[in-house]
1. Looking at region 81-101 only, could you name the residues that are out of contact with any helix residue (DSSP H, G or I) (no Cβ under 7 Å at 6 or more places or on another chain) and over 29 Å from VAL302 (Cβ atoms)?
2. Have a look at VAL234, VAL275, VAL300, VAL306 and point out the one that is surrounded by 20 or more Cβ atoms within 10 Å (Cβ to Cβ) and under 23 Å from VAL374 (Cβ atoms).
3. What are the pairs with Cβ atoms under 6 angstrom where one residue, in region 23-51, is of a type in the set (S, T, N, Q) and the other, located anywhere, is in a helix (DSSP H, G or I)? Sequence gap at least six, or different chains.
4. Out of the residues in region 364-377 that are assigned to a helix (DSSP H, G or I) and open to solvent by 40 Å² or more (accessible area, probe 1.4 Å), which is nearest to ARG404 (Cα to Cα)?
5. Note down all Cβ pairs under 9 Å where the first residue falls in region 128-156 and is under 22 Å from THR110 (Cβ atoms), the second is open to solvent by 60 Å² or more (accessible area, probe 1.4 Å) and modelled with pLDDT of 95 or more, and they're at least six residues apart or on different chains.
6. Limited to region 447-476, what total is found for residues that are among the β-branched types (Val, Ile, Thr) and either more than 25 Å from VAL373 (Cα to Cα) or in contact with a Leu (Cβ under 9 Å, 6 or more places away or on another chain) (or both)?
7. Restricting region 333-384 to residues that are at pLDDT 90 or above and of a type in the set (Gly, Ala, Ser), which is farthest from the chain's Cα centre (by Cα)?
8. Could you count how many residues in region 285-318 are out of contact with any strand residue (DSSP E or B) (no Cβ under 8 Å at 6 or more places or on another chain), under 19 Å from GLU265 (Cα atoms) and in a helix (DSSP H, G or I)?
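The values are calculated or read from the model by the stated rules, or taken from the named source; none is laboratory data. Keep in mind that this is a model prediction, so the values were computed, not measured. Every residue, glycine among them, receives a Cβ derived from its backbone with ideal geometry; neighbour counts consider all protein chains shown. All accessible areas refer to the heavy atoms of the entire protein, side chains included, with ligands and DNA or RNA removed. Shrake-Rupley method; radii C 1.70, N 1.55, O 1.52, S 1.80 Å.
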Amino acid sequence: MALVMPAREPSTTVADALAFALADLGVTHGFGIIGGAIAPFARALARQSIRVVHTRHESGAAFAAAEACFASGRPSAVFATTGPGAFNALTGMAAARWEGARVVMVSGATAAEQRGRWAFQETAGPIGRDIFHYAHALETADELGVVVRRLRAGLTRPDGFIAHLAVPLPIQTARHATVPIDAGAYAAPGVGGDAIARVAAMIERVPIAIWAGFGARDAADDVRRLAERLNAPVMCSPRGKGIFPETHPLFVGVTGFGGGDRVAERIGAARFTLVLGSRLGELTSFWDPALIAPEGLIHVDVDRDVFGAAYPHVPTLGVHAEIGAFVRGLVARLGRRQRRARATAPPRADTTPFATRSPVRPSMLLAAIQREVVERSDAIVMTEAGNAFAWGTYALRFDRPRYRVSVGFGSMGQATAGVVGAALARGKAIAIVGDGAMLMNSEVSTAVQYDAPAVWIVLNDSRYGMIEQGMRSQGWAPLETDIPPTCFATIARAMGALGIRVTDEAELPRALAEALAAPGPVVVDVVIDPEEKAPIGRRIANLIAQGAFASEDST
């Protein structure tokens with residue numbers, strides 16, 4: 001975790017007071033693009049212990065802020081100017097909310113006396129209000145105390161919090177005598193003995209299955225102890241990979257997009273499914289009833305709204321609780337089952353050399369990433385929306401939670417830009433991305449400027465591969481899915497990063513080892529075989545069920 005220096009005492013402007021308050025709330029990184037309407041606040045951030053990162057696009061700034069939050073465990077800030085600056089950031093801020101990040105966006109706003117007069121980039125106040133947990137236009141300096149208390153309360157929420165403050169220039173530079181750093185805290189959900197006792201009574205004498213989600217990422221050891229105490233099979237969501245070791249004998253697979261086809265069969269005779277910190281959304285479950293044990297769900301989460309949402313017709317006991325505290329209480333209350341699972345030794349590292357073959361099969365690329373990156377480093381690994389998500393979730397195996405993927409908002413560009421934030425906040429971070437997403441991104445330049453240890457591994461097949469595969473699976477001719485051939489290694493070198501081009505499977509170990517050893521940003525451009533199909537069949541089947549590929553002759 002990054003060292004956090006004490007916030008510096010501010011001068012008396014609102015911008016300085018707000019920047020001081022953000023530093024006091026734990027913000028260590030601020031991402032954005034400076035424009036005239038936000039310049040005083042950006043300058044105030046730089047006076048604090050907050051590292052200001054000037055990105056190439058505001059959506060990239062928001063993606064980077066979200067991933068910096070997950071990598072460091074601390075809230076992040078985004079700054080943007082009026083008009084297009086603030087609007088550009090909205091996609092990334094929406095993704096941050098879906099992911100459960102803690103990010104405060106501060107944008108400029110047009111002063112009241114200039115509104116309606118065709119001011120340049122006129123923006124009246126917070127935009128995209130529905131995206132944010134808290135959105136406010138700061139119109140007077142005296143409002144700052146209330147605003148900071150709202151931020152303090154929100155940022156302590158365990159289920160994430162994103163906010164937007166719109167601050168006109170005259171307010172940013174207005175005088176403010178005191179810095180409000182007091183009060184207001186979110187009350188964490190309780191873990192009453194009654195709830196634990198009820199669940200213990202339900203599951204103590206019957207077999208259960210455990211479904212681990214992203215919300216349990218800080219309780220990995222507790223989840224393992226519970227599973228071993230109950231001898232319970234464990235499945236996980238794509239975002240939950242590594243929370244329970246994927247090499248453990250009780251692990252039965254990943255559900256949803258990129259997951260295994262036989263997970264439901266492996267939960268055996270379970271009578272209840274105990275869900276720990278997952279919304280069970282479409283790409284986590286495909287709403288498959290086979291994943292639900294006959295007696296229904298026991299669903300533990302910090303967000304009450306998830307109970308019964310994904311499976312409205314399934315009997316559900318909702319437990320509003322922080323996962324770690326609940327599981328520890330449950331373990332303490334339960335007796336031990338007769339047979340305890342034996343931990344297995346980790347598999348020996350595979351040293352089989354890769355044979356010469358061109359172009360590179362995606363399955364062999366992922367095998368190389370498993371061997372060279374997952375098993376030989378502690379780097380964060382993230383995958384981008386599309387086939388990269390499917391391949392990474394399907395093929396990579398983690399024994400602790402360091403895998404990042406978006407199953408909710410699923411924006412192309414989140415990993416491609418977010419890897420910069422993760423790398424700046426924590427250290428070496430790897431993004432496995434498609435060429436389509438890489439073409440949306442200019443944050444390699446940002447990584448070069450700040451010497452971020454970010455690595456992009458590009459699945460380069462000169463097409464939108466997931467879209468084309470889905471169309472072909474239904475007998476359609478691909479519709480404008482080709483992309484002109486692009487050498488991302490050359491582009492990387494032109495921007496000052498290390499660029500490595502891989503066209504043969506035998507080159508993979510050397511290229512990945514070189515990328516891991518490099519201190520700064522690296523793009524590993526891998527020319528892949530488009531004929532090897534990604535494991536997206538269940539996603540296609542789910543789209544068919546929703547009518548996405550209805551026959552043109554149907555009425």
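1. Listed by number, the residues that qualify are GLY83, PRO84, ALA86, PHE87.
2. Exactly one residue qualifies, and that residue is VAL234.
3. Sorted first by the residue in region 23-51, then by its partner, the pairs are GLN48/ALA19; GLN48/ALA23; SER49/ALA23.
4. Out of the qualifying residues, it is ALA367.
5. ILE131/ARG97; PHE132/ARG97
6. Restricting attention to region 447-476, the residues satisfying the condition of being among the β-branched types (Val, Ile, Thr) are 448, 455, 457-458, 467.
Now restrict to residues that are either more than 25 Å from VAL373 (Cα to Cα) or in contact with a Leu (Cβ under 9 Å, 6 or more places away or on another chain) (or both): 455, 457, 467.
Within region 447-476, residues that are among the β-branched types (Val, Ile, Thr) and either more than 25 Å from VAL373 (Cα to Cα) or in contact with a Leu (Cβ under 9 Å, 6 or more places away or on another chain) (or both) number 3.
7. Of everything passing the filter in region 333-384, ALA355 is farthest from the chain's Cα centre (by Cα).
8. Number of matching residues: 3.
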